[in-house]
Amino acid sequence: MDLHEISLQLQAGKAKIVKTLVQQAIDEGIPAQRILDEGLLDGMNVIGEKFKNNEVFVPEVLVAARAMNMGAALLKPLLAQEGAKNTGKVCIGTVKGDLHDIGKNLVRMMMEGKGLEVIDLGTDVSPETFVKTAVEQNCQVICCSALLTTTMGVMEEVVKAAEAAGIRDKVKIMVGGAPVTDTFCQQIGADAYTADATSAAEKAVEFCA
């Protein structure tokens, strides 16, 4: 079976077809890791690049991600048996006082699309929660999102909380959102600012390597 077909159907957002094709590939005895890499992740990477270049928009990303999740659900138990390694572990959330989550959700999907394990803390997340999760779940990266200029400052508190907890050398802190800039990222001592969801996912993979 041609795994590229899974990638193409995923890009088109055809969740049911993706699910059927993934099952077919499993039945043919193709290793789950290969189906994931050459089918689902390949398709999500294409969508990610197109999103970055404004060739597709949020709705297309959402339907592609849904198709990916449906295919991935079939592969999960098999990947566990094959002993597949996640490329890394990330916790993500919108900072305290901020309830915007579309950007955060896109970043999460792109990260999952790169094979990262993502713990989504939701919105209005306190610095303590970010740090506690990173410690307990052994995350390599903390991702903070903010859409309001008034909540951006909380990102600095996250950096300070990580320092206070003694994990600053173990965990990379990534920041993003409309008002956030690279200059701001450097000012607060975070590790990376990315302008879009695809770049964020690429950067996280780099940090986890």
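Read the figures in this text as sums done on the coordinates, not as results from a lab. All figures in this text were calculated on a predicted structure; none of them were measured in a lab. Ideal geometry is used to build each Cβ from the backbone, glycine not excepted, and the neighbour counts take in all protein chains shown.
Using a Förster distance of 45 Å, how high is the FRET efficiency between LEU148 and ILE30, based on the Cβ-Cβ distance and rounded to 0.05?
With R0 = 45 Å, the Cβ-Cβ based efficiency is 0.45.
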Which whole-number percent is the relative contact order of the chain (Cα, under 8 Å, 6+ apart)?
-> 20 percent
Taking the simple approach of a point 7 Å from Cα along Cα-to-Cβ for both ALA195 and GLU5, what is their distance in nm?
-> 4.0 nm
Taking R0 as 25 Å and r as the Cβ-Cβ distance between ASP169 and THR87, the FRET efficiency 1/(1 + (r/R0)^6), rounded to the nearest 0.05, comes to 0.75
List, in the order given, every pair from LYS89/LYS114; LYS85/LYS114; LYS50/LYS172 whose Cα-Cα distance in the structure shown is over 22 Å.
-> LYS50/LYS172
Among residues other than MET44 whose Cβ falls under 9 Å from its Cβ, what is the net charge (Lys/Arg +1, Asp/Glu -1)?
-> -1
Counting helices only, and only those DSSP H runs with n ≥ 4, report the 222 nm mean residue ellipticity of the chain as the sum of -39,500 (n - 2.57) divided by its residues, in deg cm²/dmol to the nearest 500.
-> -16500 deg cm²/dmol
Volume per residue, Å³, of the convex hull around the alpha-carbon atoms of the range 44-172?
-> 114 Å³
Any idea what % of Cα-Cα pairs in the range 120-209 are farther than 15 Å?
-> 54 percent
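May I ask you to compute the full-extension gain from GLN23 to ASP37, defined as 0.36 nm times their residue separation minus their alpha-carbon distance, rounded to one decimal in nm?
That works out to 3.5 nm of additional length.
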Work out the length of the dipole vector of the range 118-209 about its Cα centre, built from +1 on the beta-carbon of each Lys and Arg and -1 on the beta-carbon of each Asp and Glu, and round it to the nearest 20 debye.
-> 140 debye
So what is the diffusion coefficient of the range 96-139 in µm² per second by Stokes-Einstein at 20 °C and 1.002 mPa s, using a Kirkwood Rh over Cα pairs?
-> 190 µm²/s
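With Cβ to Cβ distances under 13 Å as the rule, what net charge do the other residues near ILE188 carry (K, R +1; D, E -1)?
-3
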So how far, in whole Å, is the C-alpha centre of the range 39-53 from the one of the range 152-187?
-> 28 Å
Please work out how much length the chain gains when fully extended from ILE102 to ILE119, using 0.36 nm per residue of separation minus the C-alpha to C-alpha distance, in nm with one decimal.
-> 4.5 nm
Normalised alpha carbon radius of gyration of the range 1-114 [divisor 2.2 N^0.38 Å] = 1.09
So, with points 7 Å from each Cα along the Cβ direction, the THR181-ASN54 label distance in nm works out to 2.0 nm
Qualifying GluC sites (Glu not before Pro) for the range 1-79 [loop in DSSP, other Cβ within 10 Å: at most 11] = GLU28, GLU55
